[in-house]
Structure formats: structure tokens, C-alpha cells
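Okay, so here's the structure we're looking at.
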Amino acid sequence: MRHNFSGRKLNRTASHRKMLQRNLVTALFEHERIQTTVIKAKETRSLAERLITFAKRGDLHARRLAARKVNDPQILRKLFDEIGPRFTERRGGYTRILKLSGTRLGDGAELAILELVDSTVRPKSLDTKKRQRARRILKAEEKAEAVAALQEAAAEKDGAAEEPADGEADIEEPK
């Protein structure tokens, strides 16, 4: 039994694990949506939610505690100026984990998206079919335009060969 063992080791040393979580949290606050493995997302979620709670408090001590975990000062500023005030009415559950279907090709790890709940980033999966359809239509239009241009070029070439130029009208060369 695993009594009193909290957290996952992620097959890394303690220092490597801490930096991994710091990097993931910094990337999450920068992009508001990251793709990672399910296990890393679950571990990063607790740290991210604690940092958002610090940002909601907004005092100097909370800023210093959060600065220990966020690598970039600009991202820390974004956390306290934009992200924290966004969640003032919410009492918890600031992040969401969406499991992706399929696995990573290299090692077969399960993938997930870790994102902020009220993220302004629009998910790509919702309009994938619309984008694919638009691409197909554009490709079809481009092909039609290319075929029309080739036909026009061929018609001009054939027309130039059949019709004599203005100065050469029906003049035969002597034999």
C-alpha cells in the first residue's frame, strides 16, 4: 500500500521533476493550453491551481511564493494581472484535462491537453472538419484555376500557330 506517498516520481530525479513541473506550469500560463501526457498533466494541475489561488490573493507574499515556481517574470506578471483576476468568482477547478484519443507514436504514452477553464484559446478539434472541408474546396478551386490557365495557354498557342500574324497574311514564299 502507498500510505503517505503523495505525488508521482515520473521516473525522474527530484530536481528534474521540479524543473519539469515549473516548465509545464510556465508554458500553461503562457499559452493557456498545453499538450502533454496524462500523468504529467495530472501532476501539473495541482501546482497550477495553487499558483492561480496565489494570483487571486495578489499580495506581495503570494507573488513571491509564485515566483519560486514560474520561470519567466513576464509570465508571472500575466498570472497576477490577467489570469488571477479572471478567476476571482471561481472557488476552484481552474484547469481542465482533456484526454486525447490515441497514443504518442514514439513511446505509446497517453496524451492529454491541460488548459485553463475559461481559456480564450479556441480548441482546434471543434472545427477540424470545417477546416478540412475548406482546404478541400480551396484545393479544388486552385486545381480548376490551374487547368483553366493551362487550357487558355494551349488555346493561345494553337491560335497563334493557326492564324498568321498581321503582316504575314497569305504571302507564299517562292520555290
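Does Leu105 satisfy the criteria of being within 14 Å of Gln35 (Cβ to Cβ) and touching a strand residue (DSSP E or B) at 6+ places or on another chain (Cβ under 8 Å)? So Leu105 does not fit the description; no. Just checking, does region 59-73 include any residue being surrounded by 17 or more Cβ atoms within 10 Å (Cβ to Cβ), more than 21 Å from the chain's Cα centre (by Cα) and part of a loop (DSSP other than H, G, I, E, B)? Yes, the conditions are met somewhere in region 59-73.
Here Thr44 does not fit the description of being surrounded by 17 or more Cβ atoms within 10 Å (Cβ to Cβ) and under 16 Å from Asp118 (Cβ atoms). Take Leu28 and tell me if it is outside any loop (DSSP other than H, G, I, E, B) and surrounded by 12 or more Cβ atoms within 10 Å (Cβ to Cβ). Yes; evaluated as a whole, the condition is true for this residue.
None of Arg131, Arg104, Arg45 is within 22 Å of Asn11 (Cβ to Cβ), out of contact with any Gly (no Cβ under 7 Å at 6 or more places or on another chain) and modelled with pLDDT under 95 except Arg104.
Collect the residues in region 74-95 that are among the acidic types (Asp, Glu) and buried (at least 17 other Cβ atoms within 10 Å of the Cβ), keeping them in residue-number order. Those that are among the acidic types (Asp, Glu) and buried (at least 17 other Cβ atoms within 10 Å of the Cβ): none in region 74-95. For the structure I just gave you, tell me whether Gly7 is in the same structural domain as Leu114 (by TED's automatic domain parsing), at positive phi and free of Cβ contacts under 8 Å to residues at least 40 places away in the same chain. Considered against the rule, which asks whether it is in the same structural domain as Leu114 (by TED's automatic domain parsing), at positive phi and free of Cβ contacts under 8 Å to residues at least 40 places away in the same chain, Gly7 comes out as no.
Filtering region 158-170 for residues that are at pLDDT 75 or above, assigned to a helix (DSSP H, G or I) and surrounded by 10 or more Cβ atoms within 10 Å (Cβ to Cβ) leaves a non-empty set.
The values are calculated or read from the model by the stated rules, or taken from the named source; none is laboratory data. Treat the numbers as computed from the prediction; the structure is a model and nothing was measured. Cβ atoms come from the backbone with ideal geometry, glycine included; neighbour counts cover every protein chain shown.
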